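Notes for the one structure printed next.
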Amino acid sequence: MENKQIKLGMLLNYISMAIEGIIVFLLNPFIIRGLGQEEYGVYSLVSSFAGYLTIFEFGLGTTIIRYISKYNAEKKEKEKENFLALCFFIYFVITILMAIVCVVLYYFLDNMFSASLTIEQIELAKKMFIIIATSMTVTTIGSIFSAIIAGYEKFIFSRIMVIVTTIINVLLTIVVLATKATAIRLTYITLIITMITIFTNIYYVFKKLKIRIKLYQWDHEFFKEISKFSIFIFLQTMITQIYWRLDQLIIGVMVSNAAISLAIYSVAMKINDLVLSFTTVINRYQLPTITRMVLVEKNQEKVNEYIGKTSKFVAILYMAIIIGLIFFGKKFIQIYAGDGYELAYYVVLIVVIASSLSRIHGSGSDVLKAKNIHGYYTITVLVTAIMNILITVALIPYWGIVGAAIGTAISVILGNTIAYYWCLQKKAGIDVRKVFKITFQGFGPVCFLSIIICLLCNFFITDSLLGFILKCTIFGITYLIATYRFILDEKMKQKIKNKMKR
């Protein structure tokens, strides 16, 4: 049943990612054009700024998944109920704290952006911040329910919810675009989707999973244990915000007429987020399974094999995206956002290539969490995240948004790649060389053939919309055939043949 949940959940996740991808490709160009470059820039700034509020979740979502998986494997119902009661109390305190911070931040927006935004843009930003801050505060208290669902490995339900809310989001967005597209109206859609998701998750947790929450005792030592685990997840969340969101805030403060630069940078980050969502769909389901392997089965060799094999499928998708972006990315961005966004091509290439290895082997971070040793890695990456801020501030006056991307890339390579693999090898006992061998076996000829095909396509096929579609089609078919021939083992090939026969 668990295996069915994972497999079907992954399938549904790919479906939801495909739907979201189509939406981004089809709707976002209308949103960008409907709002105009400057209003879209302010919209992106406030969205990224409010996104920092997610750090107030303090990593408790991952903590809940880890401990529920542990208690379910050990069949400890009483301990699980007591643990959830502790978590609910902590979430309540966090929500109050977050509401206070939002009020304080609201009154600092004028001074923060007075040198880079006009008075009208600042007023728009303040109105949007109220709505988004409300949405993020509600999301924080509601995240405990989505974490419980993930801890029970009910991936089918969670992915169906994503698909349904995505469709609702599309319908509401179309209504806004068809009437009058404004940043305020689009922001209200986020709040509506948040409320629908949370109330549905609450119903599922209490009525379907029949979760009981009861505080039997306040276990001070256990509270220290989960706090120690959570604090490093919190730091990782904060680091993620520094890597992928803080650049926009720095640009918004440092660059004159920042709205246009923010619009271009936001387009690049939208594409980066889309790449991340597609390539981390497999890793997203690994924490309960890896926790069981590490804490119950205690089979290190099995963990090595598992990471290598799951990462292979991430690598197949990620390499296709990188090659496609290099050769066809400029035209894609022109179709996606229109003229005036050419710099987004260089920004997205820099960040996507720099973060490739850490994303491909992202499931390794779940081993660190399962063994409760993720603190070593988190502290190291925190240092590189601070370096990211310093490098970005230093480079923006010279190279603008490209300088911001370079600062992020340098930090990602030092922290999320070099330090990451060191922690996997030295602290988690992962055989990194073996994992690499399993993951990338057969990729050489696939990449070589794909690059040759892309070069020929760019040389012989015109750079029109029809030409772009034709190039992507030829590349995609070549890549799939080469992957089947050189990367997949006989067992996987036989599975594909059997499914095609059915």
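The values are calculated or read from the model by the stated rules, or taken from the named source; none is laboratory data. Computed from a predicted model, the values in this text were never measured in an experiment. Because the Cβ atoms are built from the backbone with ideal geometry, glycine has one as well, and the counts that use them run over all protein chains shown. Quick note on the areas: whole protein, heavy atoms, side chains included, nothing else; ligands and nucleic acids left out. Shrake-Rupley method; radii C 1.70, N 1.55, O 1.52, S 1.80 Å.
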Self-check item: Near pairs, Cβ below 6 angstrom, 6+ apart or cross-chain, from region 72-85 (surrounded by 17 or more Cβ atoms within 10 Å (Cβ to Cβ)) to any residue that is in a helix (DSSP H, G or I)
Solution: Lys80/Tyr71; Phe83/Tyr67
Quiz item: Of all residues in region 88-134 being within 25 Å of the chain's Cα centre (by Cα) and hydroxyl-bearing (Ser, Thr, Tyr), which is surrounded by the most Cβ atoms within 10 Å (Cβ to Cβ)?
Solution: Tyr91
Quiz item: Can you name the condition, by its number, that Val383 falls short on among (1) touching a Ser or Thr at 6+ places or on another chain (Cβ under 7 Å); (2) surrounded by fewer than 16 Cβ atoms within 10 Å (Cβ to Cβ)?
Solution: (1)
Practice problem: Would you tally the residues in region 146-191 being within 19 Å of the chain's Cα centre (by Cα) and of a type in the set (Phe, Trp, Tyr)? | Solution: 1
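Given the options Gly476, Gly429, Gly467, name the one that is surrounded by 11 or more Cβ atoms within 10 Å (Cβ to Cβ) and under 30 Å from Val294 (Cβ atoms). Explain how you work it out, then say what you get.
Numbers: Gly476 fails: under 30 Å from Val294 (Cβ atoms); Gly467 fails: under 30 Å from Val294 (Cβ atoms).
One residue alone meets the criteria, Gly429.
Inside region 105-138, can you point out the residues that are among the β-branched types (Val, Ile, Thr), over 28 Å from Gly400 (Cα atoms) and at pLDDT below 85?
Applying the first criterion (among the β-branched types (Val, Ile, Thr)) to region 105-138 yields 118-119, 122, 130-132, 134, 137-138.
From what is left, the residues that are over 28 Å from Gly400 (Cα atoms) are 130-131, 134, 137-138.
Correct list: Thr137, Val138.
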Quiz item: Out of (1) open to solvent by 60 Å² or more (accessible area, probe 1.4 Å); (2) modelled with pLDDT of 70 or more; (3) more than 18 Å from Thr408 (Cβ to Cβ); (4) assigned to a helix (DSSP H, G or I), the odd one out for Ser256 is which?
Solution: (4)
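Yes or no: region 416-428 includes at least one residue that is aromatic (Phe, Trp, Tyr) and farther than 23 Å from Gln300 by Cβ.
Restricting attention to region 416-428, the residues satisfying the condition of being aromatic (Phe, Trp, Tyr) are 420-422.
When the remaining residues are screened for being farther than 23 Å from Gln300 by Cβ, the result is none.
No; the residues of region 416-428 include none that is aromatic (Phe, Trp, Tyr) and farther than 23 Å from Gln300 by Cβ.
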Exercise. Scan region 110-135 and report the pairs whose first residue is charged (D, E, K, R) and whose second residue is crowded, with 16+ Cβ neighbours inside 10 Å and assigned to a helix (DSSP H, G or I), with Cβ atoms within less than 7 Å and a gap of 6+ or a chain change.
Key: Asp110/Ile122; Lys126/Leu109
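Suppose we filter Phe313, Phe332 for residues that are open to solvent by 40 Å² or more (accessible area, probe 1.4 Å) and over 16 Å from Ser266 (Cα atoms); which single one remains? Step through it out loud before you land on a result.
Working: Phe332 fails: over 16 Å from Ser266 (Cα atoms).
When all the criteria are applied, what remains is Phe313.
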Self-check item: Those residues of region 45-68 which are open to solvent by 10 Å² or more (accessible area, probe 1.4 Å), among the hydroxyl-bearing types (Ser, Thr, Tyr) and modelled with pLDDT of 75 or more, in sequence order
Solution: Ser47
Quiz item: Residue check, Phe234 against (1) among the aromatic types (Phe, Trp, Tyr); (2) at pLDDT 80 or above; (3) open to solvent by less than 40 Å² (accessible area, probe 1.4 Å), all met but one. Which one?
Solution: (2)
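This table checks each residue for (1) farther than 22 Å from Phe129 by Cα; (2) crowded, with 18+ Cβ neighbours inside 10 Å; (3) of a type in the set (Ser, Thr, Tyr).
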| position | (1), (2), (3) |
| --- | --- |
| Ser158 | yes, yes, yes |
| Ile168 | yes, no, no |
| Thr179 | yes, no, yes |
| Thr182 | no, no, yes |
| Tyr204 | yes, yes, yes |
| Lys210 | yes, no, no |
| Gln217 | yes, no, no |
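When region 364-385 is examined, which residues are found to be closer than 20 Å to Lys298 by Cβ and of a type outside the set (Asp, Glu)?
Keep residues of region 364-385 that are closer than 20 Å to Lys298 by Cβ, which gives 364-374.
Of everything in region 364-385, those that are closer than 20 Å to Lys298 by Cβ and of a type outside the set (Asp, Glu) turn out to be Gly364, Ser365, Val367, Leu368, Lys369, Ala370, Lys371, Asn372, Ile373, His374.
Can you find a residue that is of a type in the set (Val, Ile, Thr), open to solvent by less than 10 Å² (accessible area, probe 1.4 Å) and at pLDDT below 75 anywhere in region 14-26? Break it down into steps so the answer makes sense when it comes.
Within region 14-26, the first condition is being of a type in the set (Val, Ile, Thr), and the residues that meet it are 15, 19, 22-24.
Next cut, open to solvent by less than 10 Å² (accessible area, probe 1.4 Å) only: none.
Looking for residues that are of a type in the set (Val, Ile, Thr), open to solvent by less than 10 Å² (accessible area, probe 1.4 Å) and at pLDDT below 75, one finds none in region 14-26, hence no.
Look at Ala99 and say whether it is at pLDDT 85 or above, in contact with a helix residue (DSSP H, G or I) (Cβ under 9 Å, 6 or more places away or on another chain) and of a type in the set (Gly, Ala, Ser). Break it down stepwise before answering.
Values: at pLDDT 85 or above: no; in contact with a helix residue (DSSP H, G or I) (Cβ under 9 Å, 6 or more places away or on another chain): yes; of a type in the set (Gly, Ala, Ser): yes.
Spelling it out, it is not the case that Ala99 is at pLDDT 85 or above, in contact with a helix residue (DSSP H, G or I) (Cβ under 9 Å, 6 or more places away or on another chain) and of a type in the set (Gly, Ala, Ser).
Tally up the residues in region 341-380 that are of a type in the set (Lys, Arg) and either open to solvent by less than 50 Å² (accessible area, probe 1.4 Å) or touching a Gly at 6+ places or on another chain (Cβ under 6 Å) (or both), please.
Filtering region 341-380 for residues of a type in the set (Lys, Arg) gives 359, 369, 371.
So of that shortlist, the ones also either open to solvent by less than 50 Å² (accessible area, probe 1.4 Å) or touching a Gly at 6+ places or on another chain (Cβ under 6 Å) (or both) come out as 359, 369.
Result for region 341-380: 2.
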